[in-house]
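Read through the structure below, which is laid out as structure tokens, and then see the notes.
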Amino acid sequence: MLEVYNPAMRIGIAQINSRVGAVEQNVEEILSRISEAKQAACNLVIFPELALCGYPPFDLLWGSGFVEKVAGALQEIARASQGIGVVVGGLSSQPAREGENLTDPSSIIDGAGCKLFNTAFLIADGRLMGAEEKLHLPPFDVYDEKRYFTAGAGAKVFDLSGMPLGINICEDLWVEDGPVDVQTSLGAELLINISASPFFVGKAAIRRRICSQRASASGVTIVYVNRVGGQDELVFDGGSFIVGPNGDLLCQAPYFEEGVFVADLGCVAPISPPHESPIQLIRQAIVLGIRDYVRKNGFSRVIVGLSGGIDSAIVAVLASEALGPEAVTGVFLPSEITSEVSRQDAVEVASRLSIELLEIPLAEALSSAQCTLPEAATGLAAENLQARLRGCILMTLANQSNALVFATGNKSEISMGYNTLYGDTVGALAPIADLFKTDVYCLAEELGDRIPQRVREKAPTAELRPGQRDEDDLPPYAVLDPILRKLIEQNSSREQLIAQGFPEAVVDDVLTRYYRSEYKRRQLPPGIKVSPKAFGIGRRIPITHGYRG
């Protein structure tokens, strides 16, 4: 039997890397972690939000049998809960209320007829003790929970062997006068929040601040449990923690690391928050995002077009860290315009990383392509032809070796449309698509001597025409990136940007090119999100519109 609760109870925080839709695999992981928690003499082990099915499942929720499969998995977990309490995130459902639109065929496809709940289950000694549905369903940024879930009826408190326990789910913690206050008023002495909170720079400190405020206001201990792992563009950083009734940090689990992390409530002294270097966290996030994207999708090898520039060098370094150098192939594709310095730098990067490097000259293919056209391409069309031939070759190499191509563009280029559709934009994943060029240089310093000094210092260039430099075509990155950061992450208007001291002509040029290139962004591979607002999953801008800020 589960021991009667006492203030020094032992908690196991289970940071796991659930795979979306892989219910059987997730259950195996959960059962393994329950066993590990038992061996550590834990009274209670806590798993993240939607741990049974992975987060975010999106429209898989409406797949035939999906909800039933998740519900059936609870029985296996209940059987494993003898002698221990378990909190785990999953799904529950009810028939839809009368009045739902059951006429439009698309409504049926999109789940009409059934109400779904994002649910936390409390299990102990072989039986289900209770369930708490998520009350606040976020509709912003990467979340779209109101599309799928119905809000629960209200916050509750459970009795776990004499312990008044409140459980809430992710967004419920962030709401003023929300479930935390209700559960405290109902007598909860311990609050648990299970989350699937994606990473961006600064997010961890925000979570701790919110929890500290809630704990000190309510006078109870809060255990915050977050998932870990990569899911398409998103990376979940873990970083679970416990705060005491005075708001002090009592326990901090690692970032980007799976495991069961044990704490004895009532027996731990306050600790200082961990030192968090933004660029180190970005590096860890991208490495984990690469690893999970490649492996969870059944691949083992990647191809990176190495140009001799800093962007492709960084992508190659991060891919090598994530997958091992033996899994990465660099491809250097010189044209008649390509400098010898670029070739030397590509060779040096590959050598320092111990990755395979293929050199495939482009001149003959480019000449043949020009000959097939009714009229030889000139100017920008000729430049883009080079880039598109490179993309074609990279994709063909990937097809031959069952590998994935990584696009190497950064957020500054993507914002301005300074990329070639079906050229340097091809690929399955864009690892640094959420890094402005100035962030890229910071990351290069963090990566140290794996990025040659000359690569870090030379002027960036697409090298599609003789003597080309990025700053011939774009404002200097030191000027451009602050404008883009305010435009994308703060929704600054033209007037606000000019009022903040940015040159009017530069602002107008940036806005024109930013809005004009939306169609390109819609066709890019997913990019790993590390900022509060990334291109992709959390951003919805129409391609066709007349707004110009």
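Read the figures in this text as sums done on the coordinates, not as results from a lab. Model, not experiment: these values are computed from the prediction. Note that we place each Cβ from the backbone using ideal geometry, even for glycine, and neighbour counts take in every protein chain shown.
How big is the gap, in Å, between the Cα center of segment 278-292 and the Cα center of segment 516-542?
19
Cα centroid distance between segment 221-235 and segment 4-71, in Å?
12
Give the aspartates and glutamates reachable from K38 as a straight Cα distance under 18 Å; neighbours fewer than 8 places away on the same chain don't count.
Output for K38: E3, E28, E29, E76, D125, E258, D264.
Given the -39500 (n - 2.57) contribution per DSSP H run of 4+ residues, what per-residue ellipticity at 222 nm results for the chain, rounded to the nearest 500 deg cm²/dmol? Provide the component values of the computation, followed by the final result.
On the way: 19 runs with 206 residues, N = 549.
-11500 deg cm²/dmol, from helical runs alone.
Fewest to most neighbouring Cβ within 10 Å: what's the order for H136, H545? Walk me through the numbers before you get to the answer.
On the way: H136 17, H545 9.
So the residues, fewest neighbours to most, are H545, H136.
Rounded, prolate or oblate, given the Cα gyration tensor of segment 107-204, with a/c below 1.5 counting as rounded?
Working: a/c = 1.97, a/b = 1.32, b/c = 1.49.
Taking the square roots of the gyration eigenvalues as a ≥ b ≥ c, segment 107-204 is oblate.
If all Cα-Cα distances of segment 307-409 are sorted into 10 Å bins from 0 onward, what percent lands in each bin, rounded to whole numbers?
Distribution as computed: 14, 44, 31, 10, 1 percent.
Among A377, S367, L397, flag the residue with its Cα farthest along the positive direction of the charge dipole of segment 332-400, charges on Cβ as +1 for Lys/Arg and -1 for Asp/Glu.
L397
Near L435, within a Cβ-to-Cβ distance under 14 Å, what is the net charge of the other residues, with Lys and Arg +1 and Asp and Glu -1?
On the way: positive: R283, K411, K437, R485, K529, K533; negative: E233, D311, E413, D434, D439, E445, E446, D481, E489.
Taking every Cβ under 14 Å from that of L435, the sum is -3.
Could you work out the relative contact order of segment 10-269, using alpha carbon pairs under 8 angstrom and six or more residues apart, expressed as a whole percent?
On the way: 605 pairs, mean separation 51.2, N = 260.
It comes to 20 percent, rounded to a whole number.
Where nothing but the Cβ of Lys and Arg (+1) and of Asp and Glu (-1) is charged, how large is the charge dipole of the chain around its Cα centre, in debye to the nearest 20? Each step should come with its number before you reach the end.
On the way: 49 positive and 67 negative charges, 51 e Å.
Using Cβ point charges on Lys, Arg, Asp and Glu, the chain gives about 240 debye.
Taking mean projected area of the Cα convex hull in nm² as the quantity of interest, determine which of (i) 47.8; (ii) 25.0; (iii) 28.5 was computed from the displayed structure.
Answer by label: (iii).
Pop the C-beta distance of V347 and Q370 into the FRET formula with R0 = 25 Å and round what comes out to the nearest 0.05.
That gives a FRET efficiency of 0.35.
Extension gain S493-R456, at 0.36 nm per residue separation less the Cα-Cα distance, in nm? Please list the in-between numbers first.
On the way: separation 37, 0.36 × 37 = 13.32 nm, distance 3.31 nm.
So the chain would gain 10.0 nm between S493 and R456.
Let's test the formula: R0 of 22 Å, r as the Cβ-Cβ distance of A151 and A22. What FRET efficiency results, to the nearest 0.05?
On the way: r = 27 Å, r/R0 = 1.24.
After rounding to 0.05, the efficiency reads 0.20.
Taking the number of other C-beta atoms within 10 Å as the exposure measure, put I286, I194, I537 in order starting with the fewest.
Exposure proxy ranking, most exposed first: I537, I286, I194.
What number comes out for the charge environment of Y255, summing +1 per Lys or Arg and -1 per Asp or Glu over other residues with Cβ under 14 Å away?
Numbers: positive: K203, R207, R208, R227, R283; negative: D237, E257, E258, E276.
With Lys, Arg at +1 and Asp, Glu at -1, the net is +1.
Compute the length gained on full extension between Y547 and C267: take 0.36 nm times their separation in residues and subtract their Cα-Cα distance, giving the result in nm to one decimal. Don't jump to the answer; show the numbers that get you there.
Values: separation 280, 0.36 × 280 = 100.80 nm, distance 5.81 nm.
Gain in length upon complete extension: 95.0 nm.
What is the list of residues in segment 146-187 whose amide nitrogen lies under 13 Å from a point 7 angstrom out from the Cα of A217, following Cα to Cβ?
Only 172-185 fall inside the zone, counting backbone N under 13 Å.
Would you order L116, L234, L380 from fewest to most other beta-carbon atoms within 10 Å of each residue's own beta-carbon?
Working: L116 20, L234 25, L380 11.
Final ranking by Cβ density, sparse to dense: L380, L116, L234.
Convex hull over the alpha-carbon atoms of segment 282-522: what's its volume per residue in Å³? Walk me through the intermediate numbers first.
Values: hull volume 31.6 nm³, N = 241.
Normalising the Cα hull of segment 282-522 by residue number yields 131 Å³.
Report relative contact order for the chain in percent, whole number only (criteria: Cα-Cα under 8 Å, sequence separation at least 6). Please report the intermediate quantities before stating the final value.
Numbers: 1128 pairs, mean separation 63.0, N = 549.
Once normalised by length, the contact order is 11 percent.
A 32 angstrom limit on the alpha carbon distance is what I want to check against. Which of K134/K437; K156/K533; K69/K134; K146/K203; K134/K520; K115/K533 exceed it?
Listed pairs above 32 Å: K134/K437; K156/K533; K134/K520.
Students often get this wrong: which residues of segment 367-405 have the backbone nitrogen under 18 Å from the point 7 angstrom along Cα-to-C-beta of S300?
398-405
What does the net charge come to around G417 if you take all other residues with beta carbon closer than 10 Å to its beta carbon, with K and R at +1 and D and E at -1?
Charge balance near G417 sits at +2.
Looking at the chain, identify the longest residue range that excludes and avoids all chymotrypsin sites (Phe, Trp or Tyr not before Pro) in DSSP loops having at most 11 other Cβ atoms within 10 Å. Before the final figure, lay out each step's value.
Details: sites that count: F140, Y547.
Between exposed loop sites, the widest span is 141-546.
Compute the FRET efficiency between R513 and K69 as 1/(1 + (r/R0)^6), taking r as their Cβ-Cβ distance and R0 = 41 Å, and round to the nearest 0.05. Don't skip to the end; give the middle numbers.
Values: r = 47 Å, r/R0 = 1.15.
E between R513 and K69, to the nearest 0.05, is 0.30.
Find, among the GluC sites (Glu not before Pro) in segment 1-95, those assigned to loop by DSSP (not H, G, I, E, B) with at most 16 other beta-carbon atoms within 10 angstrom. Kindly include the intermediate steps, with their values, before the conclusion.
Working: sites: E3, E24, E28, E29, E36, E49, E68, E76; in loops: E3, E49.
For GluC sites (Glu not before Pro) across segment 1-95 that sit outside H, G, I, E and B with at most 16 neighbouring Cβ atoms in 10 Å, the list reads E3.
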